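Notes for the one structure printed next.
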Amino acid sequence: AKADGTNRWQLFDPARSDREIAKHALAADLAGGIDRDEFFLEYQPLVRLEDRAVIGVEALVRWHHPRHGRLNPGRFIDLAEESGQIVRLGGRLLDKACRQAREWAKLTDSPPYVSVNVAVQQLRDGAGLLRTVDNLLQEVGLAPELLQLEITESASIPDDPQLRRTLDDIAGLGVRLALDDFGSGYSNLGYLQNLPVNQLKIDMQFVRDWKPSSTKSLLPSLVKLAHDLRLSALAEGVETSEQAEYLESIGCDHVQGYYFGKPQAASSITSLLLEWSAEEI
Ligand code: C2E
Ligand code: CA
Ligand code: CA
Ligand code: CA
């Protein structure tokens, strides 16, 4: 293919046009799917390395689509953002996550916090988000420290006083904040100093690229950066015991990944919690 033919070729790529069609069809289903409550959350363990305790879980959305079956967020989150539906969907998911967190809090003395992904549009709807979270905590009777919001490292946060205020207000409620996918994008390290976050979630690319022989990994620097800022460091995408041991050796606090547990139904997290509390007795 000619270099200057790339665009033309893409235009007629049948796979691509299939994807485009599928995308438009899904976009059209989104609003109704939210009305019909077709979205649900799975929960993935967040593990403290020093004792391998599950101290939290990340809530990850899935769509039970009436015709296409179960869809992962890679298929629809962008669409929800582009159409603005993410604010409504995100509100519903926050509601589900808080209710689930409350159930777990009733079950055990050391319940996991539930960490919910928040899109930048939800943050921009600052007053709305604050009201939603505040009302939910009251209504559900959830201790604020059992809720965490994950915000993606974004170039716009530092320069945007409105966003900063929203984050400060949310932190003021006692809700935890984590910076997601850290290291994957543009980061103005200076702004981290004043951001009211508790945790840096180190992007999984750094774990994936690490080899036992590697001398150039940025993982130790990222962990140190988190600690210098008095934040906890969580490494994402941990799939092997070697990776876990290495991360422990460099002082990484928390991990998340298939090695410790895949995203799973709330009921299977409940079973895990019941097993552990039985062991403690
Ligand atoms: P993320 O927030 O970075 O979530 C981590 C993703 O990595 C999840 O994919 C999870 O299933 C996957 N993962 C976890 N452990 C491993 C591992 O060991 N290896 C590998 N290869 N992958 C692992 P998932 O569930 O498909 O979610 C994809 C993205 O969709 C999320 O990335 C997040 O950006 C977005 N997302 C998910 N749920 C929500 C939500 O409720 N609201 C919003 N706004 N975005 C969401
Ligand atoms: Ca996340
Ligand atoms: Ca992430
Ligand atoms: Ca992500």
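The values are calculated or read from the model by the stated rules, or taken from the named source; none is laboratory data. Quantities reported herein were computed from a predicted structural model and do not represent experimental measurements. Virtual Cβ from ideal backbone geometry, glycine too; neighbours counted across all protein chains shown. Areas reflect the complete protein model, heavy atoms only, side chains present, ligands, DNA and RNA absent. Shrake-Rupley method; radii C 1.70, N 1.55, O 1.52, S 1.80 Å.
Restricted to Cα atoms, the stretch 44-104 shows a radius of gyration and a Dmax of 14.5, 44 angstrom. Across the chain, counting alpha-carbon atoms alone, Rg and Dmax equal 20.0, 69 Å. Only the Cβ atoms of Lys and Arg (+1) and of Asp and Glu (-1) were treated as charged; on that basis the dipole of the stretch 28-137 about its Cα centre amounts to roughly 180 debye.
With distances taken between every two different alpha-carbon atoms, the stretch 162-281 has a Kirkwood hydrodynamic radius of 16.0 Å. Taken over the stretch 187-254, the percentage of Cα pairs per 5 Å bin, counting from 0 up to the bin with the maximum distance, is 4, 17, 31, 24, 14, 8, 3, 0. Rounded to the nearest 20 debye, the dipole size of the chain about its Cα centre is 600 debye, using +1 on the Cβ of Lys and Arg and -1 on the Cβ of Asp and Glu. The simple Förster model, with R0 at 25 Å and r as the Cβ-Cβ distance, assigns His24 and Gln121 a FRET efficiency of 0.75. Using the 1.4 Å probe convention, the accessible area of the stretch 10-142 works out to 50 Å² per residue with neighbouring protein chains retained. Across the stretch 106-257, the mean sequence separation of Cα contacts (distance under 8 Å, 6 or more residues apart), normalised by length, yields a relative contact order of 17 percent.
Taking the full set of protein chains and a 1.4 angstrom probe, give the accessible area of Thr152 in square angstrom, rounded to the nearest 10. Its accessible surface works out to 70 Å², give or take rounding. Within the chain, the longest run free of chymotrypsin sites (Phe, Trp or Tyr not before Pro) that sit in a DSSP loop with at most 11 other Cβ atoms within 10 Å is 13-185. Ignoring the sites themselves, the chain has its longest run without trypsin sites (Lys or Arg not before Pro) in a DSSP loop having at most 10 other Cβ atoms within 10 Å at 68-215. Taking 0.36 nm per residue of separation and subtracting the current Cα-Cα distance, fully stretching the chain between Ala53 and Lys211 would add 54.3 nm. Taking 1.567 mPa s as the viscosity and 4 °C as the temperature, the Stokes-Einstein diffusion coefficient of the stretch 9-120 based on its alpha-carbon Kirkwood radius rounds to 82 µm²/s.
Placing unit charges on each Cβ (+1 for Lys and Arg, -1 for Asp and Glu) gives the chain a dipole about its Cα centre, and among Ser83, Asn117, Trp210 the Cα reaching farthest toward its positive end belongs to Ser83. Placing unit charges on the Cβ atoms only, positive for Lys and Arg and negative for Asp and Glu, gives the stretch 160-281 a dipole magnitude near 380 debye about its Cα centre.
For the stretch 157-213, the convex hull drawn through the C-alpha positions has a volume of 94 cubic angstrom per residue.
As a length-normalised measure over Cα pairs under 8 Å and 6 or more apart, the relative contact order of the chain settles at 17 percent. In this label model, Asp134 and Leu173 are separated by 0.9 nm, measuring between points 7 Å along each Cα→Cβ vector.
Got a number for carbon plus sulfur as a percent of the stretch 108-239's accessible area, 1.4 Å probe?
Looking at the stretch 108-239 in its full context, I get 47 percent from C and S.
Tell me, rounded to the nearest percent, the portion of alpha carbon pairs in the stretch 59-145 spaced more than 21 Å apart. For the stretch 59-145, the fraction of Cα-Cα distances above 21 Å is 36 percent.
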